[in-house]
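The values are calculated or read from the model by the stated rules, or taken from the named source; none is laboratory data. What you see is a predicted model; the values in this text were computed from it and never measured. As a convention, Cβ positions derive from the backbone with ideal geometry for all residues, glycine included, and neighbour counts pool all protein chains shown.
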């Protein structure tokens, strides 16, 4: 569990507000553009990975940073930052190629950000799956996902975005008759067979209209995409 989700779950929204106000009072520094420069006192979680995004044989550095912004408003109190950078020579830091500040760019809350490196279409190049939660309730999950392909690491293409997980089973603000639990994951085999033209997801529904299903219902969802810069003829 990511620390931000843990804070929400353990403390509740009221106490989280107090924690964010304390961070604001402590004058948490404004978050820098580069995820590598986020001050330690603002960091909730940092993940660094390597992947060859454009198939040139060189691995780029990938960053996922969950951070406190110092804002007292819970909707703006946390940020998820993703970044791609080149490797530097020796101890030298390579240049930042691409960055995404989710909350600042979408205008919606963002926490519990995660990054997965997957070759979705089987072309030998790594793609990225980014997910984060937009809910400010400890009893509700509203997780969003984006899929990016990187023919040029400095100019990624977002080929899909949508809801990744919704869980309102314990949400007191959702009528019991409307509560639901739905999760998605990628059908990698079917997506690769589509050779970059279709993203195939498995949608698993466990709770629907407040009722737990006797057996989770699994459905296939297909989305037309263009994951390759040039589709094979």
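List of remarks:
- Filter pass, residue 63 being under 15 Å from residue 103 (Cα atoms) and either free of Cβ contacts under 8 Å to residues at least 60 places away in the same chain or part of a loop (DSSP other than H, G, I, E, B) (or both): no
- Only one of the numbered conditions (1) within 25 Å of residue 125 (Cα to Cα); (2) surrounded by 14 or more Cβ atoms within 10 Å (Cβ to Cβ); (3) modelled with pLDDT under 95 is violated by residue 34, and that is (3).
- Tally of residues being in contact with a strand residue (DSSP E or B) (Cβ under 8 Å, 6 or more places away or on another chain) and touching a residue at least 40 places away in the same chain (Cβ under 8 Å) across segment 140-156: 8
- When the strands (runs of 3 or more DSSP E) confined to segment 114-233 are screened for residues that are over 23 Å from residue 47 (Cβ atoms), those reaching at least 1 such residues are found at 157-167, 181-186, 198-208, 211-224.
Results for (1) at pLDDT 95 or above; (2) farther than 25 Å from residue 220 by Cβ; (3) touching a helix residue (DSSP H, G or I) at 6+ places or on another chain (Cβ under 8 Å), shown as yes or no for each residue.
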site: 71; (1), (2), (3): no, yes, yes
site: 80; (1), (2), (3): yes, yes, yes
site: 96; (1), (2), (3): yes, yes, yes
site: 141; (1), (2), (3): yes, no, no
site: 145; (1), (2), (3): yes, no, no
site: 164; (1), (2), (3): yes, no, no
site: 171; (1), (2), (3): yes, yes, no
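- Answer residue from segment 78-107, given it is over 17 Å from the mean Cα position of the chain (by Cα) and in contact (Cβ under 8 Å) with a residue 12 or more places away in the chain and is surrounded by the most Cβ atoms within 10 Å (Cβ to Cβ) among those: 85
- Test: residue in segment 8-29 that is within 15 Å of residue 113 (Cα to Cα), under 21 Å from the mean Cα position of the chain (by Cα) and modelled with pLDDT under 95: yes
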